Amino acid sequence: MKKIAVVYQSKYGATRKYAEWIAGELSCDLFEGKDIKAGDLLPYDTIILGGGLYAGGVNGIKLLTKNFSKFSDKNLILFTCGLADPSDTVNTDHIKKSLYKDLTEEMKDKIKVFHLRGAMDYSKLSPIHRSMMAFVCKMTAKKDQDSLTEEDKEMLASYGKKVDFINKESILPLISYIRNL
């Protein structure tokens, strides 16, 4: 049996919830990113890293990018967690474009990426994240109303509220991929 580790970096809890579900489905080890070092993951055949999307970057991705040479013989899976609807290819293209700034061509070929939809409670956002969201919403609201995407409209309608798109079924493609390795 192959050894699998799920490592997550979660600021507000959505990524942690997905990581817990994935680890439960695969009956594997679960680690919080801040509590693990690259050397701790060397005994594993498969490493699944989950991180939230923040300003175009993935929380915790440096564990993979800085230690890629140590992990290049392993199955590497990355799941991102954010508000953008991953069923919309415009969103996933945008996520990939931002993500690929941090990955070499070799990493892009080696790391299988999944996108999961998260949650946000504005009342729990850090001051910097709250400011960033306010800025994005202000800029979006200034756009021509006919040019707004469904994603834009949804963001404006939910601004300042609690939104939750977490769905356990959305991990099934990732679980299937792992089981078929």
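Laid out as a table, the results:
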quantity	calculated
Among the candidates I178, I166, residue that is open to solvent by less than 70 Å² (accessible area, probe 1.4 Å), of a type in the set (A, V, I, L, M), assigned to a helix (DSSP H, G or I) and touching a strand residue (DSSP E or B) at 6+ places or on another chain (Cβ under 8 Å)	I178
Some residue of the stretch 39-47 being in contact (Cβ under 8 Å) with a residue 24 or more places away in the chain and in contact with a Gly (Cβ under 9 Å, 6 or more places away or on another chain)	no
All positions within the stretch 1-38 that are free of Cβ contacts under 8 Å to residues at least 24 places away in the same chain and small (G, A, S)	A23, G24, S27
Count of residues meeting criterion [outside any strand (DSSP E or B) and under 15 Å from the mean Cα position of the chain (by Cα)] in the stretch 79-100	15
Extreme residue, farthest from L125 (Cα to Cα), among residues of the stretch 59-89 that are touching a residue at least 40 places away in the same chain (Cβ under 8 Å) and touching an Asp or Glu at 6+ places or on another chain (Cβ under 7 Å)	N75
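The values are calculated or read from the model by the stated rules, or taken from the named source; none is laboratory data. None of these values were measured; they are calculated from a predicted model. Cβ: placed from backbone, ideal geometry, glycine included. Neighbour counts: every protein chain shown. Note: accessible area is taken over every heavy atom of the protein model, side chains too, but ligands, DNA and RNA are not part of it. Shrake-Rupley method; radii C 1.70, N 1.55, O 1.52, S 1.80 Å.
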